[in-house]
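Here the structure comes first, spelled out in structure tokens, and everything after it is commentary.
Just so it is clear, none of the values below were taken in a lab; they were calculated from the coordinates. What you see is a predicted model, and the numbers here were worked out from it, not measured in a lab. No Cβ is skipped: glycine too gets one built from the backbone with ideal geometry, and neighbour counts run over all protein chains shown.
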Amino acid sequence: MPEHPVNEGSLCPKGNTTLEVLNHPDRLKFPLRKTENGWERIEWEAALDLAAAKMKGSLEKSGPDSLAFLGSAKCSNEENYIFQKIARLLGTNNVDNCARLCHASTLTGLGKTLGTGAMTNPISDLASSECIFVIGSNFAENHPPVSRQVLRAKEKGAFVIVADPRITPTSWLADLALRLKPGTDIALLNGMMHVIVSEGLWDRRFVRERTRGFSELEQNLQRYDPETVSRITGIPSADIIKAARAYARAGTAAIVYSMGITQHSSGTDNVTACADLALICGHIGEKGTGILPLRGQNNVQGACDMGALAEFYPGYGKVGDPEAAGRLQTLWRTDELSEHPGKTATEMVEAAGKGKIKTLYVIGEDPVNSHPDSSQVKKALENLDFLIVQDIFMTDTAEYADLILPAAAFAEKEGSFTSTERRVQWVEPALLPPGEARADLEILFGLAEKLGLDFPCRGAGEVLEEISVAVPAYGGMEKERMKKGFGLVWPCPGPAHPGTPILHTESFKTPDGFARIIPVEHRSPAETPGPEYPFLLTTGRTVLHYNAGSMSRRSKSLLKKEPELYVEINPADARTMEIRDGNKLFLETRRGKTEATARLTERVGQGVLFMPFHFPGTNALTAGSLDREAKIPEFKVSACRIRRY
Amino acid sequence: MPEAVYADLSRCIACHACELACERENESAKIFVQVVRGLAAVPVSCRQCETPLCAAVCPGEALNYRDSRLEYDAEKCTGCRLCVLACPFGTAELRAGVVERCDLCQGKEIPACVATCPSGALFCAEAENLGEDIRTRRAERIKKALGNPEPAGRRVNR
Amino acid sequence: MKEVMIRPERCMGCRSCEIACAVEHSESKDLFSAIGESPVPCKRIYVEYIPDLAVAIPITCRHCEDAPCTTVCPTKALSRDEVSRRVIHSPELCIGCWTCSMVCNYGVIGRQKEARVAMKCDLCPDREIPACVEACPTRALVYAEVKDFSGIKRSQAALKLAKGMQTGSIP
Amino acid sequence: MKESTRTLAPEEEKCIGCRACTSACPEKLITFSEEEKLRSISFPANCSSDCELCALACPEKAISFIFPDEGEKSRVSLESQTLNFELVPCQKCGTAFATRRELEKVRTAISEKIPLPSTGGFWMELCPGCRQAAFREKQAKTIIQARKF
């Protein structure tokens, strides 16, 4: 659809091969139960009975917190809402989704500074920015249609800064490319703020009228002069000054970031530093400004809004906050809701390993490949009493399951999805699900009935009506309204409200309406290269595959172009180790080892290795060290050693 | 009017979406993207030449340049592969006895590769109009360089 | 080599250069006869009007030192003349693939409709001064070596400064 | 004319080794094989069908048929005939991609259209894949210059 405001009719490679994936013969078609002789096909009725019985069993024997629910950011809002409702009505907050692994730090970081952990401006706003500062995002490969807007801005003369340890297709679009060492983002951001403050380029009025906490920041910044920062980050100090001036002087400037910022043990602080930079320059609340965290899946924003999170109820009411709990209790007509926060996705796995979680229900997730430290994950899954996996393919996680429920894919069901720019859009089914596969919502309602939970089976439209009551920002979301245009952008509190594409125009969503400027300190990553493990391994995406790859690795044409796991290594490093392009390499970290094909390229700096995470193997290497607040694992930095195979 | 798919190389981000869109619509890709020295990506497809060398060597008159369009008659094609050898760009291919080259997705409003290009690098245009955009952009840049430099910071005096 | 240098601040958008160019590249080299000619004579210099800024700027081939168009031309129809250092086009070798037009940074390679070949500024090989330069009423186009052109600009700057010193105000 | 047998007479001087006949033959009687620097095309001595597809497909009109009753028995060879052609390696990747004669034919045909220098265009020495790569490299040159980080 050329008139769509986000992609304007364009598709990325994954989008172009969707049909190959949806029509793949490997699609799960029937419920399967694991027996001693392998998988056995069973009827839906029996499958749901079994799932309910096992869940009830754990519940009675070991209490509600022995259950855990891992939701999917690829499922609709309605499905995520009902999913977490089931979990919470069963008495546990052990419900989470994969946002934990990509943008949990955005929720905490932007939450405490701006009050709302979401993208402040729509993607199309980038076209009217005069300066775009991209840090830790390779949108040209991961969100190709975003580049359209960035190029549009460039055409009007915008200055584009890209900070990334690698030279990526995103850096190609840059006027200034900053090649920093992985894990030194805070130093760079503080360094830029140091320049802005010492040269008086900060927005005095904005800081005075809309924020609190500037003086603490000013003090904290003193140590981050360009020379010091240059030593930490490896970026020439002149470039730091240039970037700072360009960002601060621009009439409108936007910050774009992704997992290069969030997936660190200092993820929350990284995000906070980004927010500080935008706040002191007043680049927030106007068209062309703002902070744009780009999400990686179609409904990460929605899954979080729906409360598929261990510490938040629907609409971001904090678990334990009596007022938020009270509202839900009235709506759900129940008087018990667990008051202590549940286990996050990463903690669930850990708890399963220790035997604290007995039954795990996973929808559309592949923790074996997507969580850090795969070998621990596998051990933990084996340790479970019962594992239910609901997916469209037999994933590596599903292999560990006791019960598999075949689900319909996005094009085969109806529901609403919330995109990265908070745009909620309604999806109508275009295809029929294969075999006996059912829409996730239908499965969840079936299960709820078997569990004896008191809510009737309803259509997605009716669930949305309940959501609009539970989540204030969705108050005006109606199926018919969304279908008319290209969805609605939350917050949209009432049926007459047009939606709010730009946040924070008048005041911030903090209790007093002021944004908080919070100083943060640079800390070294949890693991740094040393004599034993001399290389720094960082992970990321490639343009041709999608997340854990359970879908994109089933597309013939994508696989033809990117068939196997590879590792990028700088030619200078390769020379000293006598590695040639195409050699099989053996990689080892403190946690595990894997094999990959060497790809010699200047895209990575010396001493740095890069691996895509779409293939099994990459996350056997990564570390499970977590951010203190967001509990996001540090995927981006591990110490690693290699040898030729 | 002769049209062809052109690429604004400064915009290409090597995402391969055009190849996959072409494969989806035409079974096999007829546009090829590759990264050059890790710093730039260039899509290459049939240039729709106005003096097509492929047609010049065709012995069976299967390839004909008529009305500003290269027409291909598979009936007359003998599969001799001389056209493949004549093409300076290496964009004609012989697959199962049939010459395959970009035909701009005949019957469609715009070619699939152009419609799908996420960065807007590919465009379908007539040769006459190719330079227009670039000239305007140049002129604007020259004008900007001539004008007074913009104030050094918009909010220094607030 | 001498090139057509542009002083955009002087251009008033009269398009005399475009007309002179087309006439010069016609059979008859006369405006009134040229109009009826076939093939229709074409211009190779373009006055770009920018409506937002209400200015016009002439753009023509820069005869780049390391010209992208000559690099990509498969048949060497576009090449650099070793003696005159000009980027010249041989229509008989042109296959009309328009790659040159695609890579040109100034967008000044046009299409000759009837012959279906590329067409660009040849700096009027039959004339001492290119037609466009001669036709420009405001001297916005100057035919000069780069170093001489810089000289002209320097003396202008010096003149401005000198005037300012006399009146005591800096312009 | 219903003849039971006739003899295939490819003319070695004319044939350029393009293999059009091999794909034209409905009974796949004409075969080819490629070794490192040699392409061989094998024609059967006789063929019983009465089609002329191979002769029609031949760009050089190098195939004719001889019928024994035409009194030209001297030219009839009773054994199958194999023609060998020298293959030209690509100047860049070294893959043998075409016979020398094919390239000559292309060069001549192109020269009729545009006055190429006698060596032909640069691309004649490259295989199609390397032509694409070379072309790509040339186009990317200016962009890469602007992107030196």
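What to note about this one:
- √(5λ) per eigenvalue of the Cα gyration tensor, chain C, largest first, Å: 32, 19, 15
- Percent of Cα-Cα distances greater than 19 Å, calculated over segment A:184-297: 44
- In straight-distance terms, cross-link reach from C:Lys153 covers every one of the aspartates and glutamates whose alpha-carbon lies under 19 Å from its own, apart from those fewer than eight places away in the same chain; here that gives C:Glu3, C:Glu9, C:Glu145.
- Theoretical ellipticity at 222 nm over chain A - DSSP helices of four or more residues, -39500 (n - 2.57) apiece, nearest 500: -9500 deg cm²/dmol
- Across segment B:49-89, the fraction of Cα-Cα pairs farther apart than 14 Å, rounded to a whole number, is 38%.
- Virtual spin-label span in nm between C:Ile152 and D:Ala45, 7 Å along Cα→Cβ: 8.5
- In whole angstrom, segment A:535-644 maps to an equivalent ellipsoid with semi-axes of 21, 20, 12, each derived as √(5λ) from the alpha carbon gyration tensor and ordered largest first.
- The alpha carbon centroids of segment A:203-222 and segment A:493-525 are separated by 16 Å.
- Across peptide D:16-25, the mean count of Cβ atoms from other chains lying within 10 Å of each residue's own Cβ comes to 4.
- An ellipsoid equivalent to segment C:61-120, defined through the eigenvalues of its Cα gyration tensor, has semi-axes of 17, 13, 10 Å when rounded to whole angstrom and sorted largest first.
- For segment C:103-167 versus segment B:37-95, the gap between their alpha-carbon centres in whole angstrom: 40
- Average partner coverage of D:109-116, which counts Cβ from other chains inside 10 Å: 6
- Computed from the Cα positions only, the extents of segment A:104-293 along the three principal axes stand at 40, 35, 32 Å, in decreasing order.
- Ranking of A:Leu609, B:Leu146, A:Leu189 by neighbouring Cβ atoms within 10 Å, starting from the fewest: B:Leu146, A:Leu609, A:Leu189.
- In the protein assembly as shown, Rg over Rh equals 1.02, where Rg is the alpha-carbon radius of gyration and Rh the Kirkwood radius from pairwise Cα distances.
- Largest-first principal axis extents, alpha carbons of segment A:467-617, Å: 67, 46, 27
- Candidate aspartates and glutamates for bridging to A:Lys29, where Cα separation is under 14 Å - those fewer than 8 sequence places away on the same chain excluded: A:Glu40, A:Glu43, A:Asp391, A:Glu412, A:Glu436, A:Asp440
- Expressed in units of 2.2 N^0.38 Å, where N is the residue count, the Cα radius of gyration of chain A is 0.93.
- For segment A:63-188, the fraction of alpha-carbon pairs lying more than 22 Å apart is 53 percent, rounded to a whole number.
- In terms of surrounding Cβ atoms within a 10 Å radius of their Cβ, B:Ile142, A:Ile280, A:Ile632 rank from fewest to most as B:Ile142, A:Ile280, A:Ile632.
- Residue-averaged beta-carbon neighbours from other chains (10 angstrom radius) around A:159-172: 3
- For chain B, the fraction of alpha-carbon pairs in successive 10 Å shells from zero, as %: 10, 31, 30, 15, 7, 4, 2, 0
- Kirkwood hydrodynamic radius of segment A:408-447, from inverse mean 1/r over distinct Cα pairs, in Å: 11.0
- Figure legend: label point modelled 7 angstrom from the Cα of A:Thr597 along Cα→Cβ; residues of segment A:546-577 with amide N under 12 Å from it are A:559-567.
- Relative contact order, percent, chain A [alpha-carbon distance under 8 Å, six or more residues apart]: 21
- Reference-scaled alpha-carbon Rg (2.2 N^0.38 Å with N residues) for segment D:90-146: 1.32
- Qualifying lysines (Cα of each under 24 Å from Cα of A:Lys354; at least 8 residues distant if same chain): A:Lys34, A:Lys54, A:Lys56, A:Lys61, A:Lys343, A:Lys378, A:Lys379, A:Lys593, A:Lys631
- For A:Leu114, C:Leu159, the sequence from fewest to most other C-beta atoms within 10 Å is C:Leu159, A:Leu114.
- Dividing the alpha-carbon radius of gyration of chain D by the rule-of-thumb value 2.2 N^0.38 Å gives 1.40.
- Rounded to the nearest 20 debye, the dipole size of the protein assembly as shown about its Cα centre is 3300 debye, using +1 on the Cβ of Lys and Arg and -1 on the Cβ of Asp and Glu.
- Rounded to the nearest 5, the antiparallel percentage of DSSP beta bridges internal to the protein assembly as shown is 65%.
- Among D:Ala45, D:Ala57, D:Ala133, residue whose mean-square fluctuation peaks in a GNM of chain D (springs only between Cα atoms under 10 Å): D:Ala133
- Within chain A, percent of DSSP bridges classed antiparallel, to nearest 5: 40
- Segment A:436-475 and segment A:543-578: distance between their alpha carbon centers, rounded to Å: 39
- Cβ-based charge dipole, the protein assembly as shown, positive-most Cα from D:Ala45, A:Gln263, A:Val427: A:Gln263
- Taking the inverse of the mean reciprocal distance over all distinct Cα pairs, the Kirkwood hydrodynamic radius of segment A:296-446 comes to 17.2 Å.
- Peptide ranges D:139-145, A:479-485 listed from the most packed, as the mean C-beta count within 10 angstrom indicates: D:139-145, A:479-485
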